[in-house]
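Asks: Got a structure for you, questions after.
Bear in mind these aren't lab numbers, they're just calculated from the coordinates by the rules spelled out. For clarity, every value in this text was computed on a predicted model and none was experimentally measured. Ideal geometry is used to build each Cβ from the backbone, glycine not excepted, and the neighbour counts take in all protein chains shown.
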Amino acid sequence: MTALRPLILAAAVSSGAAAAADLEAGRQRAAQACAVCHGAYGIANAPDAPNLAGQPAFYVASQLRAYRNGSRRHEVMAVISRTLTDDDINNLAAWYAAIRIEAHPPGK
């Protein structure tokens, strides 16, 4: 349990940040910076871009921060993430997390 404590704390802190985030600002920033590849509602247009709709805010925020600080590398994301403030990242993460998606297994 002690090993999980930092992860639980990080999730709690990030979920608090996501709760304080501005969904409309996230939607607008996504339209400016993300929609070309990741789609207007987080369903990717580009074949090498992941879907972001429905992803947990903690995951989206942590990945954007990793691109921004260089610990995760991708030519395009490195350029885009450098323009994002912490508020932008929290707002984007909240926006994508708020989009509801459905999964249907094959044959259903």
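Asks: Take every Cα pair under 8 Å in the stretch 20-98 that's 6+ residues apart, average their separations, divide by the length, and report that relative contact order as a whole percent. Mind dumping the intermediate values first?
Replies: Details: 107 pairs, mean separation 33.3, N = 79.
Across the stretch 20-98, relative contact order equals 42 percent.
Asks: Using the Cα centre as the reference, give the magnitude of the dipole from point charges on the C-beta atoms of the stretch 20-98 (Lys, Arg: +1; Asp, Glu: -1; all else neutral), rounded to the nearest 20 debye. Spell out each step's value before the answer.
Replies: Numbers: 7 positive and 7 negative charges, 44 e Å.
Taking the Cα centre of the stretch 20-98 as origin, the dipole is about 200 debye.
Asks: Expected output is a single nm value to one decimal: the length gained when fully extending between R73 and A44, i.e. 0.36 nm times separation in residues minus the C-alpha distance. What is it? Don't skip to the end; give the middle numbers.
Replies: Numbers: separation 29, 0.36 × 29 = 10.44 nm, distance 1.91 nm.
Roughly 8.5 nm would be gained on extension.
Asks: Could you list Y96, Y67, Y59 so that the one with the fewest beta carbons within 10 Å of its beta carbon is first and the one with the most is last?
Replies: On the way: Y96 25, Y67 21, Y59 14.
The fewest-first ordering by Cβ neighbours comes to Y59, Y67, Y96.
Asks: Moving on. Where Lys and Arg each count +1 and Asp and Glu each count -1, what net charge lies around T83 among other residues with Cβ under 11 Å from its Cβ? Could the numbers behind the result be given before it?
Replies: Numbers: positive: R29, R68, R82; negative: D88.
After counting each charged neighbour, the total is +2.
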